[in-house]
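Enquirer: Have a look at this one before I ask anything.
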Amino acid sequence: MGMRMPGWYDIKLLSPKMTFEEFQRDEDESGTVLSRDYVNTLIANEISKGIPPSRIVLGGFSQGGALAIFTGLTYKEKLGGIFALSSYVPFANRIQSFLQGHKEGTWANKSVPVFQAHGTMDPIIPCPLGEASSKILRELGMDVEFKSYRGLDHSADPEEIEDLSRFLRKVIPEQGEKL
């Protein structure tokens with residue numbers, strides 16, 4: 001068990017000098033899948049109220065961003081986009097096993113745009129983990145925009161928020177407009 005704090009799932013080991021491979025060794029699959037399933041019910045609830053999946057964007061910061069990536073990649077209908085700030089791809093070494101239709105290249109969210117942002121001085125989720133995650137998503141064929149922010153630690157800053165706002169305006173058109 002990792003540190004006692006609220007979270008979407010347990011992170012058992014985390015170190016600033018940790019490699020992506022070391023980080024993935026003890027990922028909490030059952031907790032992550034349970035949280036993903038919970039977010040899936042939230043998405044389904046919004047769709048049942050008339051919100052088209054194409055207008056739903058999943059996103060978050062740190063662990064929330066990782067859950068947004070995992071949920072977005074594995075969701076059964078095409079969503080509007082995914083964003084992850086100071087984050088990473090969970091189960092990166094085997095993410096394809098979670099993607100229904102991956103072998104055929106037909107999984108629902110393959111073409112969904114992704115925005116990733118990361119501070120270069122992040123001591124919690126080091127920037128190289130974010131960069132490696134971006135590379136993994138690109139290798140899956142996804143449209144990924146990755147931006148790093150010089151000197152930023154495990155937090156957000158105005159430039160990052162402006163870049164995120166620009167991404168959201170791009171992927172969620174005004175009511176009545178088409179992408």
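Enquirer: Check ALA68 against each of (1) farther than 29 Å from ASN45 by Cβ; (2) outside any loop (DSSP other than H, G, I, E, B); (3) among the aliphatic types (A, V, I, L, M) and name the one condition it does not meet.
Expert: Evaluating ALA68 over (1) farther than 29 Å from ASN45 by Cβ; (2) outside any loop (DSSP other than H, G, I, E, B); (3) among the aliphatic types (A, V, I, L, M) leaves (1) as the failure.
Enquirer: For the range 77-94, indicate whether the set of residues that are surrounded by 16 or more Cβ atoms within 10 Å (Cβ to Cβ), closer than 17 Å to VAL39 by Cβ and out of contact with any helix residue (DSSP H, G or I) (no Cβ under 8 Å at 6 or more places or on another chain) is non-empty.
Expert: no
Enquirer: How many residues, within the range 51-63, are buried (at least 19 other Cβ atoms within 10 Å of the Cβ) and assigned to a helix (DSSP H, G or I)?
Expert: 1
Enquirer: In the set GLN63, GLN100, which member is at pLDDT below 95 and closer than 17 Å to GLY31 by Cα? Give the steps one after another, and end with the answer.
Expert: Values: GLN100 fails: closer than 17 Å to GLY31 by Cα.
The conditions single out GLN63.
Enquirer: From the residues in the range 142-179 that are over 15 Å from the mean Cα position of the chain (by Cα) and under 14 Å from ILE82 (Cβ atoms), which one is surrounded by the most Cβ atoms within 10 Å (Cβ to Cβ)? So that I can check it myself, show each step before the final result.
Expert: Narrowing the range 142-179 to residues over 15 Å from the mean Cα position of the chain (by Cα): 148-163, 165-166, 169-179.
Cutting the leftovers down to under 14 Å from ILE82 (Cβ atoms) gives us 170-172.
On the way: LYS170: 14, VAL171: 20, ILE172: 16.
That would be VAL171.
Enquirer: Within the bounds of the range 102-124, is there any residue that is outside any loop (DSSP other than H, G, I, E, B), more than 20 Å from ASP163 (Cβ to Cβ) and in contact (Cβ under 8 Å) with a residue 40 or more places away in the chain? Let's see the steps before the verdict.
Expert: Of all residues in the range 102-124, those outside any loop (DSSP other than H, G, I, E, B) come to 114-119.
If we keep only those that are more than 20 Å from ASP163 (Cβ to Cβ) too, we end up with none.
The answer is no, given that none of the residues of the range 102-124 is outside any loop (DSSP other than H, G, I, E, B), more than 20 Å from ASP163 (Cβ to Cβ) and in contact (Cβ under 8 Å) with a residue 40 or more places away in the chain.
Enquirer: Taking the criterion of being modelled with pLDDT under 60, among the basic types (Lys, Arg) and more than 14 Å from TYR75 (Cβ to Cβ), would at least one residue in the range 7-18 satisfy it?
Expert: Let us first name the residues in the range 7-18 that are modelled with pLDDT under 60, namely 7-16, 18.
Subsequent filtering for residues that are among the basic types (Lys, Arg) retains 12.
Imposing the further condition that a residue be more than 14 Å from TYR75 (Cβ to Cβ) reduces the set to 12.
Yes, because at least one residue in the range 7-18 is modelled with pLDDT under 60, among the basic types (Lys, Arg) and more than 14 Å from TYR75 (Cβ to Cβ).
Enquirer: Sticking with this structure for a sec: Taking the range 64-95, which residues are among the polar types (S, T, N, Q) and under 9 Å from the mean Cα position of the chain (by Cα)? Give the derivation first.
Expert: Applying the first criterion (among the polar types (S, T, N, Q)) to the range 64-95 yields 71, 74, 86-87, 93.
Once the filter is applied, which keeps residues that are among the polar types (S, T, N, Q) and under 9 Å from the mean Cα position of the chain (by Cα), the range 64-95 yields THR71, SER87.
Enquirer: Can you find even one residue in the range 142-164 that is assigned to a strand (DSSP E or B), of a type in the set (Phe, Trp, Tyr) and under 24 Å from LEU42 (Cβ atoms)?
Expert: So the first thing to find is which residues in the range 142-164 are assigned to a strand (DSSP E or B), and the list is 144-149.
Now drop any that are not of a type in the set (Phe, Trp, Tyr), which leaves 146, 149.
From what's left, under 24 Å from LEU42 (Cβ atoms): none.
For the range 142-164, residues assigned to a strand (DSSP E or B), of a type in the set (Phe, Trp, Tyr) and under 24 Å from LEU42 (Cβ atoms): absent.
Enquirer: List every residue pair whose Cβ atoms lie under 9 Å apart, where the two residues are 6 or more positions apart in sequence or sit on different chains, the first residue falls within the range 128-145 and is farther than 16 Å from ASN109 by Cβ, and the second residue, located anywhere, is aromatic (Phe, Trp, Tyr) and modelled with pLDDT under 95.
Expert: The qualifying pairs are PRO128/PHE20; LEU129/PHE20; LEU129/PHE23; LEU129/TYR88; GLY130/TYR88; ALA132/PHE20; ALA132/TYR88.
The values are calculated or read from the model by the stated rules, or taken from the named source; none is laboratory data. Predicted model, so just to flag it, every value in this text is computed and none were measured. Here the Cβ is made from the backbone with ideal geometry for all residues, glycine too, and neighbour counts use every protein chain on show.
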